[in-house]
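Asks: This is the structure, below, for whatever I ask next.
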Amino acid sequence: MPWSKIKPELNEPNFQRESEENSRRLSYAEAIREALDQALDMDSNVFVMGQGVDDPTGMFGATLNLHKKYGGERVFDTPLAENSLTGIAIGAAIGGMRPVYFHNRPDFLYLAMDQLVNHASKWSYMFGGAVHVPLVVWACIGRGWGSAAQHSQALQGIFMHIPGLKLVMPSTCYDAKGLMLSAIADENPVIIIEHRFNFRHKGFVPLAPYRVPLGKGIIRRPGRDITIVAVSFMVTEAFQAAEELVRDGIEAEVIDLRTLRPLDEEIILTSLAKTGRVVVADTGWKTGGATAEISALIAEKGFVSLKAPVLRVASPDVPTPAGYTLEEAFYKGWKEIVTSAHELLKGKG
Amino acid sequence: MRANLPREVLIGLYYDMLRIHRVQLRIEALYHMDEMKTPIHLCIGQEAIAVGVCAHLQKDDYISSSHRSHGHYLAKGGDLKALIAELYCRETGCSKGRGGSMHLVDTSAGHMGSSSIVGGGIPIGTGLSLAIWMKKQNRVSVVFFSDGAADEGVLYESINFAILKKLPVIYIYENNQFSVCSPVTTRRVGEVIFHSTPHEYMYTRIVDGNSILEVYAVAQEAINRARRGQGPSFIECKTYRIRGHSGAGSDAKLGYRSDEEIAIWEARCPVVTFRSKLLQEKMITEEKLTNMEKEIDQEIDEAFRFAQKSPLPGREQLLQYLFYEES
């Protein structure tokens with residue numbers, strides 16, 4: 001698929017990290033691959049499974065050639081049986097292993113919902129803590145080139161609903177590595193949802209292993225006038241929106257949540273207390289999704305700080321269309337964030 | 001049978017079956033008090049399968065099970081007091097009152113948790129065997145499931161993977177002939193397809209699940225194969241669910257099966273028939289059998305007293321255990 005025609009390869013927004021020691025520019029896929037390489041090296045219980053993890057493309061490069069270094073017992077292709085293979089990964093985790101199960105697209109996680117939701121998320125609670133499931137499930141949202149309704153779904157809203165699952169959505173190369181290492185080290189089931197467009201990015205990544213804590217968001221850009229809360233690829237869009245807004249004299253604060261579960265409530269509410277205005281941006285559907293939950297949180301716990309309604313930038317409540325004219329209408333991004341910001345600041349003076 | 005197995009093994013098998021049987025009967029007898037506020041799924045009539053298989057397992061071998069799991073739990077060495085306390089939803093229960101009757105666990109006995117999603121434990125038990133295989137441990141994983149679970153796609157998917165990786169897993173298919181009230185004959189024609197798997201891929205057998213000696217012998221072969229690295233086995237144990245799907249007592253009044261049919265299988269009860277056999281072959285005396293019953297009843301009395309006296313989880317503990325906690 002000619003992804004290069006949809007989104008050229010480029011450096012990620014200048015968020016951070018150039019000064020870190022031993023930091024060098026890696027592609028997003030290389031950052032994930034380095035995390036896996038180091039995790040496999042550090043702990044013999046870690047293993048990587050999934051359809052195509054040992055194929056010539058290596059899961060967009062994220063698992064490329066790891067099987068050659070660690071052998072086919074620890075990095076292996078799987079049958080296309082998402083539900084059972086998820087249960088098998090759960091069983092292996094209960095038996096003392098630390099599986100990392102790769103899926104091409106989140107759409108296929110629907111086939112594994114029984115094991116993810118009925119089993120992985122409940123095993124610790126249901127048995128009073130007698131057992132636990134250190135499992136990582138990874139999938140990458142598709143977008144563009146007619147990926148259509150069944151190859152581009154952003155399912156974070158559905159997983160965010162489930163108690164007992166942790167939900168990670170990285171936005172930078174640095175985080176892709178650090179959050180992966182945290183997810184693998186975590187004793188609980190963690191779902192990592194990536195975004196295809198992030199894979200076009202390069203960014204600064206330190207060589208040594210490091211962990212980005214789950215449940216801690218980060219301010220990507222400080223600002224006083226308005227808060228933009230975003231995850232995953234929407235952070236890049238939010239950053240671009242903030243740069244556009246500067247031209248109109250608006251200083252937007254961009255918050256990257258990094259994980260939706262646990263959710264860093266404090267970083268949202270603290271920023272809101274400063275700006276009084278919020279746009280919540282997500283790649284998923286609007287109704288009952290991540291933006292709905294975050295907006296509800298703001299209404300419940302941050303109402304007194306609000307100077308204007310909360311506005312949301314999210315996908316319209318229809319399946320993703322294939323055709324490019326409709327696709328363009330479907331996807332929301334920096335333009336809609338800018339429009340929302342202007343709307344919230346209308347009449348402010 | 002005398003020729004094959006030492007007397008103490010035979011008596012041990014009987015004791016374990018009788019213990020499971022009498023625990024079931026006590027639960028059933030007290031269920032109407034409404035103090036065990038959790039659905040129960042009794043395995044009366046299926047005791048030989050759990051006992052005949054688990055007799056060959058070491059403490060650190062794994063088992064996975066379903067909602068009908070009291071027998072598997074006890075046969076594997078799960079703690080009786082913790083089982084009864086779980087039925088009373090107490091903090092001292094095996095799942096600290098969070099699981100109830102359908103979600104038993106005793107990791108110290110290799111019981112890693114039972115799922116009440118029909119078939120849900122099949123891939124998890126397969127995954128336990130993957131962990132064994134990857135860690136190169138001398139263990140096996142046994143997966144107990146019934147005919148409802150045999151309808152599920154996860155069984156095919158799991159078996160395919162177990163064969164692919166030659167995993168040390170034994171699938172014990174307890175065909176008790178009903179999923180709730182649906183007879184197996186309305187859900188399938190003939191035997192399950194797995195019996196046609198070539199034995200070099202997976203060892204398969206059909207046995208009389210009500211014969212403790214038959215189950216014992218075939219389970220031994222399957223478990224030995226797994227320990228020798230010869231891959232998975234699939235053992236179908238034909239049996240019959242004497243009680244209703246859930247709750248206490250007979251459900252014959254529902255009319256989906258006849259009193260006569262139930263009576264035929266009650267007469268084939270693995271515990272009763274094996275008792276007669278032991279007496280007939282003078283392996284044990286009536287007096288010793290009576291003492292055995294008394295001993296078991298005492299243990300059951302104690303377990304119920306323990307459960308009834310145990311504390312209930314407090315409301316403030318509602319959110320505990322959602323995630324792993326350092327102990």
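The values are calculated or read from the model by the stated rules, or taken from the named source; none is laboratory data. Predicted model only: the values in this text are computed from it and were never measured. Here the Cβ positions follow ideal geometry from the backbone for every residue, glycine too, while neighbour counts run over all protein chains shown.
Asks: Which of the residues belonging to region B:135-149 are within 14 Å of chain A (Cβ to nearest Cβ) and not in a strand (DSSP E or B)?
Replies: The answer is B:135, B:136, B:137, B:138, B:139, B:140, B:149.
Asks: Still on this structure, please answer the following. Exactly one condition in (1) farther than 30 Å from residue A:285 by Cα; (2) outside any helix (DSSP H, G or I); (3) out of contact with any Asp or Glu (no Cβ under 8 Å at 6 or more places or on another chain) is false for residue A:101; which is it?
Replies: (1)
Asks: Shifting gears a bit: If I filter region B:304-327 down to residues being among the small types (Gly, Ala, Ser) and surrounded by 10 or more Cβ atoms within 10 Å (Cβ to Cβ), which single residue comes out as farthest from the other protein chains (Cβ to nearest Cβ)?
Replies: Filtering first and then ranking leaves B:307.
Asks: So which of B:235, B:242, B:262 is in a loop (DSSP other than H, G, I, E, B), in contact with a Ser or Thr (Cβ under 9 Å, 6 or more places away or on another chain) and in contact (Cβ under 8 Å) with a residue 12 or more places away in the chain?
Replies: Answer to the selection: B:242.
Asks: In region A:71-98, which residue that is touching a Gly at 6+ places or on another chain (Cβ under 9 Å) and assigned to a loop (DSSP other than H, G, I, E, B) is surrounded by the fewest Cβ atoms within 10 Å (Cβ to Cβ)?
Replies: A:77
Asks: Still on this structure: Of all the residues that make up region A:22-56, how many are closer than 20 Å to residue A:103 by Cα, among the hydrophobic types (A, V, I, L, M, F, W, C) and away from chain B (no Cβ under 14 Å)?
Replies: 7
Asks: Out of region A:157-173, which residues are at negative phi and either over 13 Å from the mean Cα position of the chain (by Cα) or within 14 Å of chain B (Cβ to nearest Cβ) (or both)?
Replies: Result: A:158, A:161, A:162, A:163, A:165, A:166, A:167.
Asks: Something else about it: State all residues of region B:165-195 that are β-branched (Val, Ile, Thr) and either part of a loop (DSSP other than H, G, I, E, B) or under 24 Å from residue B:126 (Cα atoms) (or both); if no residue qualifies, say none.
Replies: Within region B:165-195, B:169, B:170, B:172, B:180, B:189, B:192, B:193 qualify.
Asks: Also: Scan region B:46-71 for residues that are assigned to a helix (DSSP H, G or I) and in contact with a Gly (Cβ under 8 Å, 6 or more places away or on another chain) and jot them down.
Replies: Correct list: B:47, B:48, B:49, B:50, B:51, B:54.
Asks: If residue B:74 satisfies every condition in (1) closer than 30 Å to residue B:183 by Cα; (2) of a type in the set (A, V, I, L, M, F, W, C); (3) crowded, with 24+ Cβ neighbours inside 10 Å; (4) at the interface with chain A (Cβ under 7 Å from one of its Cβ atoms) but one, which is the exception?
Replies: (4)
Asks: Search region B:152-183 for residues being more than 12 Å from chain A (Cβ to nearest Cβ) and in contact with a strand residue (DSSP E or B) (Cβ under 7 Å, 6 or more places away or on another chain), and hand back the single one that is farthest from residue B:223 (Cα to Cα).
Replies: B:177
Asks: Same structure again: Does residue B:98 satisfy being within 8 Å of another protein chain (Cβ to nearest Cβ) and more than 17 Å from the chain's Cα centre (by Cα)?
Replies: yes
Asks: Quick one: in region B:101-121, of everything that is more than 7 Å from chain A (Cβ to nearest Cβ) and not in a loop (DSSP other than H, G, I, E, B), which residue is surrounded by the fewest Cβ atoms within 10 Å (Cβ to Cβ)?
Replies: B:108
Asks: Right, something else. Suppose the filter is more than 14 Å from every other protein chain (Cβ to nearest Cβ) and crowded, with 24+ Cβ neighbours inside 10 Å; does residue A:154 pass it?
Replies: yes
Asks: Based on what the data block shows, is residue B:200 at pLDDT below 95, outside any loop (DSSP other than H, G, I, E, B) and not aliphatic (A, V, I, L, M)?
Replies: Spelling it out, it is not the case that residue B:200 is at pLDDT below 95, outside any loop (DSSP other than H, G, I, E, B) and not aliphatic (A, V, I, L, M).
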